[in-house]
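Everything on this sheet refers to the single structure shown next.
Every read-out reported here was derived from the displayed coordinates using simple, explicitly stated rules and does not represent laboratory data. Since this is a predicted model, take the numbers as computed values, not measurements. With ideal geometry, Cβ positions are generated from the backbone for all residues, glycine too; neighbour counts draw on all protein chains shown.
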Amino acid sequence: MSLDTISLSGRKKEVSNKKMNFWESIYLVAILKGLMITIKHLFKRKVTIKYPEQIREFSPVYRGQHMLKRDEKGRENCTACGMCAVACPAEAITMTAAERKPGEEHLYREEKYASVYEINMLRCIFCGLCEEACPKDAIYLTESKVIVKSASHREDFIYGKDKLVMPLEMAIKNSKSLN
Amino acid sequence: MKVTIDGQSIEVEPGTTILQAARMIGGESVPPAMCYYSKLEKTGGKCRCCLVEVTKGSDANPTPMPKLVASCVTGVMDGMEVNSKNSTRVEEARKSVTEFLLINHPLDCPVCDQAGECDLQNLSFEHGKSETRYIEEKRTFEPENIGPYIQLHMNRCILCQRCVAVADQLTDKRVHGVMDRGDHANISTCISKAIDNEMSGNMIDVCPVGALTDKTFRFKSRVWFSKPYNAHRDCDKCCGKTTVWMFGNEIQRVTGRKDEFHEVEEFICNTCRFEKKEVNDWTIEGPRKFEKYSVINRNKYAVHPPKVEINTEAQILLGREQDRKKISMTNVPLENTENSKQ
């Protein structure tokens with residue numbers, strides 16, 4: 001086998017310099033062929049969506065904005081153990097712990113809770129290692145079904161507990177669906 | 001006396017225990033110890049974590065010991081051969097002991113301040129099971145206040161009685177001890193008395209679990225978020241040599257200097273431990289080193305890679321002087337003298 005006939009990609013074409021005949025030289029057939037391709041694409045499913053009106057459905061394993069979960073009684077699961085912060089490869093998580101006072105048992109599940117819990121969304125790479133490290137089932141990236149929004153100030157990307165903790169309505173709905 | 005542990009021989013003084021001999025050898029064959037504390041007398045023999053197999057009693061009487069022995073209280077004999085890590089019997093025994101110790105342990109490591117430097121955590125990491133076979137309810141105690149400095153969590157206690165030995169040997173009047181018997185046994189002060197002796201804070205360092213923790217450090221931070229530094233100060237009550245755990249410029253807590261077996265090198269007084277939390281109080285010597293795989297080393301960046309220096313001729317990247325002149329643009333005058341002429 002000579003070197004000229006080998007085609008590694010299988011798409012090798014011999015190019016010839018032969019003269020076009022009459023039908024080829026008026027290009028009508030070629031134009032029709034091209035139009036057929038265009039028309040065919042009109043009837044295919046569209047790849048794009050009309051974004052602000054339509055929103056793409058999340059995959060069940062999609063990792064979006066974090067959510068600090070509440071248990072079935074509406075108490076916060078997080079005990080500020082710091083496992084997520086130590087697991088975080090981007091060092092995006094910081095927290096301050098506090099002791100639960102008597103009378104706050106309905107708010108926090110354990111003796112200790114996070115009084116401050118902040119995630120820097122500019123640092124976060126959404127790898128989900130915090131979710132894996134959490135021993136208390138508290139932090140989830142798949143529950144909120146929200147993408148972290150863009151903003152124009154760096155401070156706006158530091159998400160505190162006001163944005164991260166599961167909203168009470170959702171907790172109430174969860175506890176109702178269990179009963 | 002010659003003793004062989006896991007195939008490694010060492011010459012030791014008569015009266016040394018197997019555990020001490022193993023610690024002299026070091027490495028993997030050192031049995032874990034929860035109750036034995038080399039700096040305190042009459043400790044050991046309670047937790048049964050340090051069980052080893054004696055395959056040869058001595059040169060004089062080479063019969064093996066039928067049962068596993070507690071290495072922290074068994075003295076060595078000449079020519080004794082011991083299997084610690086090598087023996088499957090020992091591994092099995094340690095697994096069972098760990099399971100027993102964890103029966104009543106609340107496993108509240110996410111809440112506990114000891115997490116990260118806890119001996120029971122290390123023990124169960126190495127020998128523990130991932131699930132429990134215990135179906136009964138865990139034994140719990142009412143929380144008790146034992147003064148402004150020390151926090152007692154009786155639920156976490158494994159009754160090693162190290163703290164009792166501290167109170168006996170370092171303080172002049174012991175106010176706490178083991179109350180009740182059997183399943184109800186607990187560490188407590190008789191009729192809720194505060195522990196306020198000057199050396200009582202050493203109970204915190206000595207406690208292998210999180211049963212006795214620093215109240216001034218309670219829930220402040222996790223162990224692995226603060227940076228440990230060796231520091232000292234002139235103290236009239238103790239040696240003044242401590243480890244300070246800092247977060248930024250704040251001293252979060254002060255502990256004794258713990259060695260590789262998690263025993264303090266020297267005991268420190270309560271003034272150093274609880275009251276001196278200003279940076280000005282201490283002379284900071286430098287960062288304290290921990291075992292390579294300790295969680296305390298996480299995110300610390302203490303290891304600086306050595307600076308690489310390539311020793312070459314000067315200007316080797318630029319090339320030889322005459323070559324540069326040859327290649328350079330001919331229109332541009334090379335010499336400054338020519339430049340000044342124009």
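Partners of B:LYS276 within straight-line reach, counting lysines whose Cα lies under 16 Å from its Cα and excluding those fewer than 8 residues away in the same chain: B:LYS215, B:LYS237, B:LYS241. With the simple spin-label model, which puts each label point 7 Å out from Cα in the Cβ direction, the B:ASN61 to B:GLU99 separation comes to 3.3 nm. Take the Cα of B:ASP196, go 7 Å toward its beta carbon, and the backbone nitrogen atoms of region B:102-146 under 17 Å from that spot belong to B:145-146.
Structural descriptor for region B:2-101: relative contact order 34 percent, calculated from alpha carbon pairs under 8 angstrom and at least 6 residues apart. Look at where the Cα atoms of region A:71-103 and of region B:39-56 average out, and the two centres are 39 Å apart. Take each residue in B:216-223, count the other chain C-beta atoms within 10 Å of its C-beta, and the mean is 4. Evaluated at q = 0.13, 0.21 Å⁻¹, a Debye calculation over the C-alpha positions of region B:2-101 (equal weights, vacuum) places log10 I(q)/I(0) at -0.39, -1.05.
Can you pull the percent of Cα pairs in chain B with separation above 25 Å? Result: 61 percent of Cα pairs exceed 25 Å. Among A:TYR27, A:TYR108, A:TYR51, the largest mean-square fluctuation in a Gaussian network model of chain A (Cα springs under 10 Å) belongs to A:TYR27.
Here each label is just a point 7 Å from Cα along the line to Cβ, and for A:THR142 and B:GLU275 those points are 5.5 nm apart. Computed from Cα positions, the angle between helix A:168-178 and the longest principal axis of chain A comes to roughly 90 degrees.
Classify region B:100-144 as rounded, prolate or oblate, taking a ≥ b ≥ c as the square roots of the eigenvalues of its Cα gyration tensor: rounded when a/c is under 1.5, otherwise prolate if a/b is larger than b/c and oblate if not. Oblate is the answer for region B:100-144, as a/c is 1.5 or above yet b/c matches or exceeds a/b.
Return the Rg/Rh ratio of the protein assembly as shown with Cα-based radii and a Kirkwood Rh.
Working: Rg = 34.6 Å, Rh = 29.4 Å.
Across the protein assembly as shown, the Cα-based Rg/Rh ratio is 1.17.
Spin-label pair A:ALA90-B:ASP78: with each label point 7 Å from Cα along the Cα-Cβ axis, the two points sit 6.8 nm from one another.
Averaged over its residues, how many other protein chain Cβ atoms are within 10 Å of peptide A:76-88's Cβ atoms? Before the final figure, lay out each step's value.
Numbers: counts 0, 0, 1, 5, 5, 7, 9, 6, 0, 5, 7, 1, 1.
Mean number of neighbouring Cβ atoms from other chains: 4.
By how many nm would the segment from B:GLU92 to B:GLU136 grow when fully extended, if each residue of separation counts as 0.36 nm and the alpha-carbon distance is taken off?
Extending this stretch completely gives an extra 13.5 nm.
For chain A, find the longest principal axis of its Cα atoms and tell me its angle to the long axis of helix A:28-42, 0 to 90°, nearest 10. Orientation of helix A:28-42: about 20 degrees from the principal axis.
Take the alpha carbon atoms of region A:58-103, find their radius of gyration, then divide it by 2.2 N^0.38 Å using N residues; give the quotient.
Values: Rg = 13.6 Å, N = 46, 2.2 N^0.38 = 9.4 Å.
Its radius of gyration relative to the 2.2 N^0.38 Å reference: 1.45.
Within chain A, A:CYS78, A:CYS81, A:CYS88, A:CYS124, A:CYS127, A:CYS134 have no other Cys Cβ under 4.7 Å of their Cβ and so lack a disulfide-compatible partner by this rule.
Summary of packing: across the peptides B:111-122, A:9-20, A:129-140, the per-residue average of other C-beta atoms within 10 Å ranks them, highest first, as B:111-122, A:129-140, A:9-20.
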